[in-house]
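Written below as structure tokens is the structure these notes are about.
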Amino acid sequence: MKKLSDQNKQPSGPRRRAREISLQILFQREFTPEMSIEASLKYFSTYISAADEAWQYAESLLKGVAERGQEIDRLISESSRNWKIERISPVDLCLLRQSVYEIISESAPFKVAIDEAVELAKKYGSTESAHFINGILDDVHRRSS
């Protein structure tokens, strides 16, 4: 079986790779919430090639989103005034959750968190995702600063 990372040979650092891995696992967990983070990481590691640093950062993102989930969802809800959180597409919601975590935990500078989220939205989301995510994250940052 071809590894997922072999399909798109484009340069990316360990943190970008970690964000992509985290997004895929968060998306999976939308449909299988009973699966632990550790089990998800182990499963995905059989299909995705990445440096240890990427796996470690992905794990920290996943655990941070899990631990601060209610706070993160509250911030997203407050910033998406015209959208109930239940109406946000699963891909966009997963991207928002991990990016909001990066912003509030200060594990990445705001500009980096938003740029990375927008790039992932262009790759995995709809044609409107990047603009939508940019607006929400900008508002979250403004409210939490």
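Brief remarks follow.
- Close Cβ contacts (under 6 Å, 6 or more residues apart or on different chains) running from residues in the stretch 111-140 that are in a loop (DSSP other than H, G, I, E, B) to residues that are of a type in the set (A, V, I, L, M) comprise Gly125/Val91.
- Complete set of residues in the stretch 78-95 that are more than 15 Å from Arg142 (Cβ to Cβ) and not β-branched (Val, Ile, Thr): Asn82, Trp83, Lys84, Glu86, Arg87, Ser89, Pro90, Asp92, Leu93, Cys94, Leu95
- Comparison of Ala58, Ala50, Ala54 shows that the only residue that is in contact (Cβ under 8 Å) with a residue 40 or more places away in the chain, in a helix (DSSP H, G or I) and touching a Lys or Arg at 6+ places or on another chain (Cβ under 7 Å) is Ala54.
- Look at (1) acidic (Asp, Glu); (2) surrounded by 18 or more Cβ atoms within 10 Å (Cβ to Cβ); (3) within 15 Å of Ile21 (Cβ to Cβ) and you find that Glu119 fails only one, number (2).
- Residues that are assigned to a helix (DSSP H, G or I) and either polar (S, T, N, Q) or surrounded by fewer than 21 Cβ atoms within 10 Å (Cβ to Cβ) (or both), drawn from the stretch 100-110: Ile104, Ser105, Phe110
- Some residue of the stretch 61-69 being loosely packed, with under 13 Cβ neighbours inside 10 Å and out of contact with any Phe, Trp or Tyr (no Cβ under 6 Å at 6 or more places or on another chain): yes
- All positions within the stretch 10-48 that are farther than 26 Å from Val112 by Cα and either crowded, with 18+ Cβ neighbours inside 10 Å or touching a helix residue (DSSP H, G or I) at 6+ places or on another chain (Cβ under 6 Å) (or both): Tyr47
- None of Asp52, Asp73, Asp92 is of a type outside the set (Gly, Ala, Ser), in contact with a Gly (Cβ under 6 Å, 6 or more places away or on another chain) and either surrounded by 13 or more Cβ atoms within 10 Å (Cβ to Cβ) or farther than 17 Å from Gly125 by Cβ (or both) except Asp92.
Readers should treat all values here as calculations from the given coordinates under stated rules, not as data from a laboratory. What you are looking at is a predicted structure, and each value in this text was computed from that prediction instead of being measured. When we count neighbours, we look across all protein chains shown, and the Cβ atoms used for this are built from the backbone with ideal geometry, even at glycine.
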